[in-house]
Amino acid sequence: MSTRVVIDPLTRIEGHLRVELLAEDRRIKDAFACTTQFRGVENVLVGRDPRDAWVFAQRICGVCTFTHGLCSIAAVEDAIGYPIPVQAKLIRDLMMRTILIQDHVIHFYQLQALDWVNVVTALKADPAEAARIGSSLSNWTGNSRGAMAETQETVKKIVESGQLSIFTNGYWDHPGYQLPPAVDLLAVTHYLQALTFQREMIKLHTIFGGKNPHPNMLVGGMATPINMDNEWTINQVRLDQLKAIVAGTQTFVEQVYYPDVLAIMGFYKEWFDIGAANPNLMALGLAGTWGSGDPNLYRGNRLEPGLLLDGDFRKPVPFDLSKIVEYISSGWYDYSVGADKALPPWQGETNPNYTGPQPPYEWLSDRPKYTWDKAPRYGDKAVQVGPIARMLLAYAQGEPSVVTMLDAAMAQLGIRLEQMNSTAGRTLARAMESVLMAREMQAVFADFAGRILNGDTAVFNPDKWEPSSWPQAAKGVGFVEAPRGLLSHWVQLEKGAIKNYQCVVPTTWNASGRDPSGQMGAFEYALAHSKQHPLTDKDKPLEALRTVHSFDPCMSCAVH
């Protein structure tokens, strides 16, 4: 007989997620992802000036702020046919890659690492051994014996106080932890160092956008004046700061983040055979790619928009924008066309209608509707989006940087390509693309700085700022390959105001409930499809956390 297991709230994520599991013989037999929060930002935007939409869209999430702002602006610029200066695009490119890498680093160390790293066991480690292991992985200056000893003393004081502070409620006695104490100590040291790193690197957003989170942006360009003779603008001092931030970012992800993930996953190789999500993956480009309009217009870039379908990770299928639809068969919404019909985002509706039990409740998924998440589908396919989709699609298209890096990692770990669709594979892919994006930042910044030296300082195009220059009716779509996967914003304008606004978000794709044909979203599929996902202790569901966290859930975005 199956046992009901509820994780609510599932913590170390953004937003409100409840996971309901049916477990039997220490295996998960069924799973339901229940998003228990409604936002309604799409409805808030209706009737507003589209030039202000990004301000509201940024508030969809406290983590993905710039990402939603950029996607919103791209959609509006598509609708009114608004070109921007090259320097404005380069600033957006730098800011997008910054938030992507910062997000990935925070996700691994602060949100996911404790599923693999036992903080308490670090007290048993020899700091000298931890330093030796760290030095064998990279030349990172923070791998000294002194740094390890300092971390160990910090953890010791926390444990001896009887209050584990930020490490409270961890399943530290769970048999699923497999790292040697010295590796635990090394990882905890890097956990603390990552806090400082991410705080420093995000200063790029404050230089370009005035603040973070929610940096300033602008339809038609960027609100970032360049004047080498003014102390309050982008000048030589700012360029030097930016150059140092870009260099420091590459150093950290190459010398700390990626080596840590590669080493830690080496101790958990069985997790390359656990947590496979839907065998359909979709991406429009490498991480940080963004644009306006049909992504097929951008063919010829390093990675062309496409999908990998039905488990064939070597044959890309062309992307078709018109195949994106959303169902609400498991979501607490109403459609004018009926609950079992799909709507494309252009005609999307956000009509909340909660029909679940009144809290407190014991179980949500014993009825057809059990979540605030819609169910996006590509045609008739439930697809998985995110770093794993981008990396595997790039590999299938022969992108040299990805092929070289992924081949080396698979050889070191002794795994096959198909095993990358797994809990460990998603974790590894996220770290790999962080390295690639950090290297790209160097080239983007060099282009940006070089153009300034050549006198290119334009960051705003005023030509279409006034609504009198817009068509009476228009529609546009913006897309971003965001930290968690493909993000798209869809806007319809009428007489200078927003008539309809819809967002199709990465975590909406991955966290969706069942569609009318019973297809599960990626969270549910990864936990339940095989019927063999481990769950050793129903009261300490560590294994389920590993798989859900591997997607980096952002439920605030999912329910926008």
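The values are calculated or read from the model by the stated rules, or taken from the named source; none is laboratory data. Because the structure is predicted, anything quoted here is derived from the model rather than measured. A quick note on method: Cβ atoms are made from the backbone with ideal geometry, for glycine too, and the neighbour counts reach across all protein chains shown.
Rundown of residues vs (1) modelled with pLDDT under 95; (2) among the charged types (D, E, K, R); (3) at negative phi; (4) more than 24 Å from the chain's Cα centre (by Cα), yes/no style:
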position: 292; (1), (2), (3), (4): yes, no, yes, no
position: 296; (1), (2), (3), (4): yes, no, yes, no
position: 299; (1), (2), (3), (4): yes, yes, yes, no
position: 302; (1), (2), (3), (4): yes, yes, yes, no
position: 307; (1), (2), (3), (4): no, no, yes, no
position: 315; (1), (2), (3), (4): no, yes, yes, yes
position: 326; (1), (2), (3), (4): no, yes, yes, no
position: 331; (1), (2), (3), (4): no, no, yes, no
position: 336; (1), (2), (3), (4): no, no, yes, yes
Item checked: Any hit, region 42-61, residues being touching a His at 6+ places or on another chain (Cβ under 8 Å), more than 23 Å from residue 257 (Cα to Cα), outside any loop (DSSP other than H, G, I, E, B) and basic (Lys, Arg) -> yes
Item checked: Verdict on residue 389 being small (Gly, Ala, Ser), under 24 Å from residue 253 (Cβ atoms) and free of Cβ contacts under 8 Å to residues at least 12 places away in the same chain -> no
Next item on the list: Any residue in region 256-278 that's acidic (Asp, Glu): show its pairings with residues that are part of a helix (DSSP H, G or I) and modelled with pLDDT of 95 or more at Cβ separation under 7 Å, as long as the two are six or more apart or on different chains.
Entry: 260/187; 260/190; 273/419
Checklist line | Pair list, Cβ under 6 Å, 6 or more apart: region 163-182 residue over 17 Å from residue 9 (Cβ atoms) and at pLDDT 90 or above, other residue surrounded by fewer than 18 Cβ atoms within 10 Å (Cβ to Cβ) and among the acidic types (Asp, Glu) | finding: 182/129
Check: Is there a residue being under 20 Å from the mean Cα position of the chain (by Cα), more than 18 Å from residue 286 (Cβ to Cβ), of a type outside the set (Asp, Glu) and crowded, with 24+ Cβ neighbours inside 10 Å anywhere in region 388-400?
Finding: no
Item checked: Test: residue in region 228-238 that is without any contact (Cβ under 8 Å) to a residue 60 or more places away in the chain, surrounded by fewer than 17 Cβ atoms within 10 Å (Cβ to Cβ), among the β-branched types (Val, Ile, Thr) and out of contact with any Asp or Glu (no Cβ under 9 Å at 6 or more places or on another chain) -> yes
Margin query: Considering only region 397-417, I want to know if a residue exists there that is charged (D, E, K, R) and within 30 Å of residue 327 (Cβ to Cβ).
Written below: no
Notebook entry, point to check: Which fully enclosed helices (runs of 4 or more DSSP H) of region 116-225 have 3 or more residues being in contact with an Asp or Glu (Cβ under 7 Å, 6 or more places away or on another chain)?
Noted result: 181-201
Note to self: Being in contact with a His (Cβ under 9 Å, 6 or more places away or on another chain) and over 21 Å from residue 553 (Cβ atoms) is the requirement here; does residue 74 meet it?
What the structure shows: yes
Margin query: Given the options 497, 522, name the one that is surrounded by 24 or more Cβ atoms within 10 Å (Cβ to Cβ) and among the hydrophobic types (A, V, I, L, M, F, W, C).
Written below: 522
Checklist line | Among (1) more than 17 Å from residue 319 (Cβ to Cβ); (2) in contact (Cβ under 8 Å) with a residue 40 or more places away in the chain; (3) surrounded by fewer than 24 Cβ atoms within 10 Å (Cβ to Cβ), the one test that residue 411 misses | finding: (2)
Checklist line | Scope region 301-351; condition touching a residue at least 12 places away in the same chain (Cβ under 8 Å), aliphatic (A, V, I, L, M) and not in a loop (DSSP other than H, G, I, E, B); matching residues | finding: 307, 308, 321, 324, 325, 343
Next item on the list: Can you give me the number of residues within region 104-137 that are of a type in the set (Asp, Glu) and over 30 Å from the mean Cα position of the chain (by Cα)?
Entry: 2
Note to self: Going by what's in this entry, would residue 360 be described as within 19 Å of the chain's Cα centre (by Cα) and outside any helix (DSSP H, G or I)?
What the structure shows: no
Note to self: Looking only at region 4-36, count every residue that is under 24 Å from residue 518 (Cα atoms) and in a strand (DSSP E or B) and tell me the total.
What the structure shows: 21
Item checked: Residue ID - surrounded by the fewest Cβ atoms within 10 Å (Cβ to Cβ), chosen from residues in region 89-124 that are touching a residue at least 40 places away in the same chain (Cβ under 8 Å) and of a type in the set (Lys, Arg) -> 124
Check: Any chance region 42-49 includes a residue that's surrounded by 18 or more Cβ atoms within 10 Å (Cβ to Cβ), among the acidic types (Asp, Glu) and over 30 Å from residue 442 (Cβ atoms)?
Finding: yes
Checklist line | Lone unmet requirement of (1) touching a helix residue (DSSP H, G or I) at 6+ places or on another chain (Cβ under 7 Å); (2) surrounded by fewer than 17 Cβ atoms within 10 Å (Cβ to Cβ); (3) small (Gly, Ala, Ser) for residue 424 | finding: (2)
Next item on the list: State whether the residues of region 538-560 include one that is closer than 21 Å to residue 55 by Cβ, at pLDDT below 95, in contact with a helix residue (DSSP H, G or I) (Cβ under 7 Å, 6 or more places away or on another chain) and not in a helix (DSSP H, G or I).
Entry: yes
Note to self: Cβ contacts < 8 Å: first residue under 24 Å from residue 212 (Cβ atoms), restricted to region 35-62; second residue among the basic types (Lys, Arg) and buried (at least 16 other Cβ atoms within 10 Å of the Cβ), any location; separation 6+ or different chain. Result?
What the structure shows: 41/59; 60/39
Margin query: Cβ-Cβ under 8 Å, sequence separation 6+ or interchain: first residue in region 437-466 and more than 18 Å from residue 102 (Cα to Cα), partner part of a helix (DSSP H, G or I) and among the aromatic types (Phe, Trp, Tyr). Which pairs?
Written below: none
